[in-house]
Every structure is written in structure tokens, then in C-alpha cells.
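Structure first, commentary second.
The values are calculated or read from the model by the stated rules, or taken from the named source; none is laboratory data. Owing to the predicted nature of the structure, the values given are computational and were not obtained by experimental measurement. Reconstructed Cβ throughout: ideal geometry from the backbone, glycine too, with neighbour counts over all protein chains shown. Protein only, heavy atoms only, side chains kept; ligands, DNA and RNA dropped before computing areas. Shrake-Rupley method; radii C 1.70, N 1.55, O 1.52, S 1.80 Å.
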Amino acid sequence: MNESPDPLLDLLHLLDLEQIERDIFRGESRSALVPRVFGGQVAAQALVAAGRTVPADRRAHSLHSYFLRAGDPGAPIVYTVDRIRDGRSFTTRRVVAVQHGQPIFHLSASFQTYEEGMEHQAPMPAAPDPETLPTAAEMLPRYADRFSDPGVVDRLIEARQAVDLRYVDEPPFATVGEAREPRSQVWFRTNGKLADDPLLHVCLATYVSDMTLLDSVLLAHGRGGWAVGDVVGASLDHAMWFHRPFRADEWLLYDQESPSASGGRGLGQARIYTADGRLAITVIQEGVVRIPRG
């Protein structure tokens, strides 16, 4: 397993796009757990590109995106930003990510100046203290026999070096063949402190949000996931609403469920809470989830 001396610094470097024209940015790419660019990376980089064309006093409050083609991890990604609207309170940006002359991802994001308003939220569900749960490095080796590829455990641990992600209950690959309630919870935070840049925290939460959201679809059918080999799939679209300020370097509870699967697609929806119970983010994603043809 290739361990970086500072995995979080590597991730921050990945999100630090190069500006090559006024509204054109270039991002590096890197190998993921599957032979394509990780969707959370593309979404986070696109949001970085959008955010760098917006005044600092306007914070991201929503994004809506589509994954169009599998990204090539061996090539850079070019992000072109369209300045759709600059209003008195809201700013809208559209971003297209391109590789090899073809769009691979499309994002629309909206930003807003802070204002006072009505307040209410859904209560935070019960969850154990994250410090009592095993880390990825402690938990994953227990399930090494579930994977046909012996290198999967090391790759999964490596992919989680920058982010401390802890499952509340057993992940899908731990209970293959056992259908469970289509709900899943994880706690997460970055493995290190971050600068006080609201856009950075939003982009890191966007990156992590694509890691486990479709787990609840798998749980409903007793499937273990791509690493087990009993499903194939990919993200189709991804939407997020940022309700309240939060820090991605402090514990966040990702409470996920799947209300539906049909037509070769599965839907995941989730709420992300701060440790003190504030509803910070709502997430919805649909993905292709297919049983391999034998």
C-alpha cells in the first residue's frame, strides 16, 4: 500500500485548480478504486471552479449535477465556467468538465449572500459517538475474505487516508446475501485541520458525499458492491443543498437511506448533521445499479 506522508495535503492539492483563462480551470486527476475518475473528485473540483468566480461573501447553497461519461484518471480535466447570473442576492454558475474533447460532467451551482430568515429543521437521528467506532484501517481487514481481489482492502484504506470515515453499522460488503433495512450511517471528518475558507469545507463535503450514498440501495438487496463483484454501477446525478455553516474537519453524521430502486437505477437520499445536531446538508443521488450478467 502506497502511503502518502500527508494524504490530506494531497487531496487539497487535487482540489487546488490551475487557472488557465478568466473562467477556465484545469484539475489534475488520479486513479480511483475503479478504472475511472472518482465522481466526488469531479464534483468537488467543478464546485471549486464555480466558487472561484463568485464574490467571497456569497456562499454555495446548492448544486445540481450530472455525470455524463467516465473520466480518464490518466488525463487532466478542464473546467469551463459560465457566469449565468449575478443578482443582488444570488449568483448562478454553470460548469462543464471536459476530457479528450468531450464533456464528462455538468454542474450548476448557486451562491447566496447571508441573510436572516425563518428557521426549522428535521431533528438529528440517534447515532453513537464516532470516537467509539473503528477506523477504516481497523475495520476493513476484518472483511478481507469478502473480496476476490486481495488488494482491495489496501486500496480502500488508501482511498480513506485523507478522510476519517467510520461506519455506524456494518457496510454492505460485510453482510452479503442478507437483505437489510435500506439505511446507512457514517461519521466523517478530514484527517487534519483545514483553513477557515467556507468554500473549501463545502467542496470537501461534496467530495466525501459520493463515497457511500448508494450503500443503502445495496443493503436493501443484500448486495456487497463493486468490490465484491455482485453489482456494477456508476453515479448518474448528484444534488446537494447547504443549509447551515459547518466544518469538514469536525465530525459530521451522514444519515443515508434509499426510498427506491427500479429500472436498473437506485436512489439515495441523505442528511448531514454537525455533531451538535444542526442540519448542515441535504444530498440526493441516483446511480446505475445493475446485477452483472452471468
- Item | Residue under evaluation P73, criteria (1) in a loop (DSSP other than H, G, I, E, B); (2) in contact (Cβ under 8 Å) with a residue 12 or more places away in the chain; (3) exposed (fewer than 15 other Cβ atoms within 10 Å of the Cβ), criterion not met | (3)
- Message: Can you find, within segment 169-197, the residue that is farthest from the chain's Cα centre (by Cα) among those that are in a loop (DSSP other than H, G, I, E, B) and among the basic types (K, R)?
- Response: R180
- Message: Can you confirm whether A43 is crowded, with 16+ Cβ neighbours inside 10 Å, at pLDDT below 95 and aliphatic (A, V, I, L, M)?
- Response: no
- Residue identified as touching a residue at least 60 places away in the same chain (Cβ under 8 Å), basic (K, R), over 21 Å from P35 (Cβ atoms) and touching a helix residue (DSSP H, G or I) at 6+ places or on another chain (Cβ under 6 Å) among R183, R189, R271: R183
- Message: Kindly evaluate Q121 against the criterion of being open to solvent by 40 Å² or more (accessible area, probe 1.4 Å), in contact with a strand residue (DSSP E or B) (Cβ under 6 Å, 6 or more places away or on another chain) and under 29 Å from Q256 (Cα atoms).
- Response: yes
- Query: Counting only residues that are under 30 Å from Y114 (Cβ atoms) and assigned to a loop (DSSP other than H, G, I, E, B), which one in segment 55-70 is least open to solvent (accessible area, probe 1.4 Å)?
  - Reply: P55
- Give segment 130-168 a look and list any residue that's of a type outside the set (K, R), within 19 Å of the chain's Cα centre (by Cα) and in a loop (DSSP other than H, G, I, E, B), or say none. T135, Q161, A162, V168
- Given the structure, is H106 on the phi > 0 side of the Ramachandran plot and open to solvent by 50 Å² or more (accessible area, probe 1.4 Å)? no
- Note on the structure: Within segment 81-120, restricting to residues that are modelled with pLDDT of 95 or more and of a type in the set (S, T, Y), the one that is nearest to D57 (Cα to Cα) is T113
- Kindly establish whether L12 is open to solvent by less than 30 Å² (accessible area, probe 1.4 Å) and either closer than 18 Å to T206 by Cα or assigned to a loop (DSSP other than H, G, I, E, B) (or both). no
- Give the residue, chosen from E257, E250, that is in contact (Cβ under 8 Å) with a residue 40 or more places away in the chain, assigned to a loop (DSSP other than H, G, I, E, B), among the acidic types (D, E) and surrounded by fewer than 23 Cβ atoms within 10 Å (Cβ to Cβ). E250
- Item | Selection status of G268, surrounded by 21 or more Cβ atoms within 10 Å (Cβ to Cβ) and not charged (D, E, K, R) | yes
- Message: Cβ-Cβ under 7 Å, sequence separation 6+ or interchain: first residue in segment 116-129 and closer than 10 Å to R278 by Cα, partner among the charged types (D, E, K, R) and open to solvent by 60 Å² or more (accessible area, probe 1.4 Å). Which pairs?
- Response: A122/R271
- Item | Residue count, segment 174-197 (criterion: open to solvent by less than 50 Å² (accessible area, probe 1.4 Å) and on the phi < 0 side of the Ramachandran plot) | 10
